[in-house]
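What follows is a set of notes on a single structure, which appears directly below.
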Amino acid sequence: MPKRAVVRQSLPDVIAADLRQRILSGDLVEGELIRQELLAEEYAVSRMPIREALKRLDAEGLVVFTNNRGATVTKHSLDEIAEIFDVRMMLEVDLFTRAIPLMQAAHFAECESILEEMEISYQRGDVAAWGPLNARFHGALYAAADRKLTSNLLERASLQSNRYVSMHIDQLNKSQSAQQDHSDLLVLARQGNVQGAADKLRSHIDNTKFQVLEWITAARR
């Protein structure tokens with residue numbers, strides 16, 4: 001009988017995934033201290049898998065890990081947040097313009113499927129899912145470009161921006177406008193309108209950046 005492959009997650013994987021979701025949902029807020037001993041008690045494990053999980057989140061830029069203290073949820077300056085979105089814009093517009101002439105039916109179908117998942121998540125109020133789903137949709141839009149190095153760089157920037165995207169949609173009730181923008185991007189890609197799609201994408205990311213910065217500035221006061 002042939003063996004079936006199954007995904008096996010280590011304890012650090014499971015803990016990192018849960019902590020990541022807590023950060024993306026806003027349960028753990030920027031600047032919050034996360035102590036290893038308290039997490040070990042909370043998850044009923046030793047400190048070793050906690051330390052490994054925190055190191056992974058540090059590599060993603062979601063926390064700042066310190067061996068003897070634990071970690072602090074990353075708090076970016078306003079300039080850093082603006083830079084994250086500016087980097088995203090440069091990488092994404094380049095990928096999108098390259099991808100559109102190469103997109104096939106399977107690419108469009110994948111994008112449509114993710115949009116449906118996003119709509120369901122909005123209806124459920126699943127805040128932690130919004131950033132990752134947003135990144136998945138944008139990644140699917142650009143997949144046809146097959147630019148692995150640029151995509152890897154974008155993945156890093158997206159990890160940094162995911163929680164701001166989630167908070168932006170949640171706090172500013174932007175799910176409807178976000179979904180409309182995504183639908184418009186897909187329509188323009190189907191039409192092969194490279195310039196129109198690039199302009200729409202720049203506007204989409206720039207508007208999100210402006211609204212995120214405005215909201216965070218007010219919240220920090």
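The values are calculated or read from the model by the stated rules, or taken from the named source; none is laboratory data. None of these values were measured; they are calculated from a predicted model. All Cβ positions, glycine included, derive from the backbone under ideal geometry; neighbour counts span all protein chains shown. To get the accessible areas, we keep the full protein, side chains included, count just its heavy atoms, and leave off ligands, DNA and RNA. Shrake-Rupley method; radii C 1.70, N 1.55, O 1.52, S 1.80 Å.
Looking at F96, F108, which is the one that is of a type in the set (F, W, Y), under 19 Å from the mean Cα position of the chain (by Cα) and in a helix (DSSP H, G or I)? So that I can check it myself, show each step before the final result.
Values: F108 fails: under 19 Å from the mean Cα position of the chain (by Cα).
After ruling out the rest, the residue left standing is F96.
Look at S161 and say whether it is surrounded by 19 or more Cβ atoms within 10 Å (Cβ to Cβ), in a helix (DSSP H, G or I) and not hydrophobic (A, V, I, L, M, F, W, C). Can you show your working first?
On the way: surrounded by 19 or more Cβ atoms within 10 Å (Cβ to Cβ): yes; in a helix (DSSP H, G or I): yes; not hydrophobic (A, V, I, L, M, F, W, C): yes.
Criteria met by S161.
Scan segment 16-51 for residues that are surrounded by fewer than 16 Cβ atoms within 10 Å (Cβ to Cβ) and more than 24 Å from N162 (Cα to Cα) and jot them down.
E37, L38, E41, E42, A44, S46, R47, M48
With the requirement that a residue be hydrophobic (A, V, I, L, M, F, W, C) and either surrounded by 15 or more Cβ atoms within 10 Å (Cβ to Cβ) or touching a residue at least 12 places away in the same chain (Cβ under 8 Å) (or both), what does segment 180-205 give you? Step through it out loud before you land on a result.
To start, the set of residues in segment 180-205 that are hydrophobic (A, V, I, L, M, F, W, C) comprises 185-189, 194, 197-198, 201, 205.
The answer is L185, L186, L188, A189, V194, A197, A198, L201, I205.
Is there any pair linking a residue in segment 122-149 that is under 21 Å from S25 (Cβ atoms) to one that is crowded, with 22+ Cβ neighbours inside 10 Å and hydroxyl-bearing (S, T, Y), with Cβ under 6 Å and at least six apart or on different chains, and which?
Close Cβ pairs satisfying both conditions: V127/S166; W130/S166; G131/S166; A135/S158.
For segment 10-70, list the helices (runs of 4 or more DSSP H) that sit wholly inside it and hold at least 1 residues that are without any contact (Cβ under 8 Å) to a residue 60 or more places away in the chain and of a type in the set (V, I, T); which are they?
Working: elements: 11-24, 36-43, 47-60.
The helices (runs of 4 or more DSSP H) meeting that bar are 11-24, 47-60.
Here is a list: T208, T217, T150. Which entry is buried (at least 21 other Cβ atoms within 10 Å of the Cβ) and either at pLDDT below 95 or assigned to a helix (DSSP H, G or I) (or both)? Walk me through it before giving the result.
Details: T217 fails: buried (at least 21 other Cβ atoms within 10 Å of the Cβ); T150 fails: buried (at least 21 other Cβ atoms within 10 Å of the Cβ).
Just one listed residue meets the conditions, T208.
Give me the pairs: first residue in segment 107-118 and closer than 13 Å to N134 by Cα and at pLDDT 95 or above, second residue open to solvent by 60 Å² or more (accessible area, probe 1.4 Å) and not in a helix (DSSP H, G or I), beta-carbon distance under 9 Å, and six or more apart or on different chains, which are they?
none
Find all pairs meeting these conditions: Cβ atoms under 8 angstrom apart; at least six residues apart or on different chains; first residue within segment 78-93 and farther than 16 Å from N162 by Cβ and in a helix (DSSP H, G or I); second residue hydroxyl-bearing (S, T, Y) and open to solvent by 20 Å² or more (accessible area, probe 1.4 Å).
Taking only residues 6 or more apart or on different chains, the pairs are L78/T217.
Name the single residue, out of those in segment 52-77 being more than 20 Å from S161 (Cβ to Cβ) and either of a type in the set (D, E) or in contact with a Pro (Cβ under 7 Å, 6 or more places away or on another chain) (or both), that is least open to solvent (accessible area, probe 1.4 Å).
Top of the filtered list is A53.
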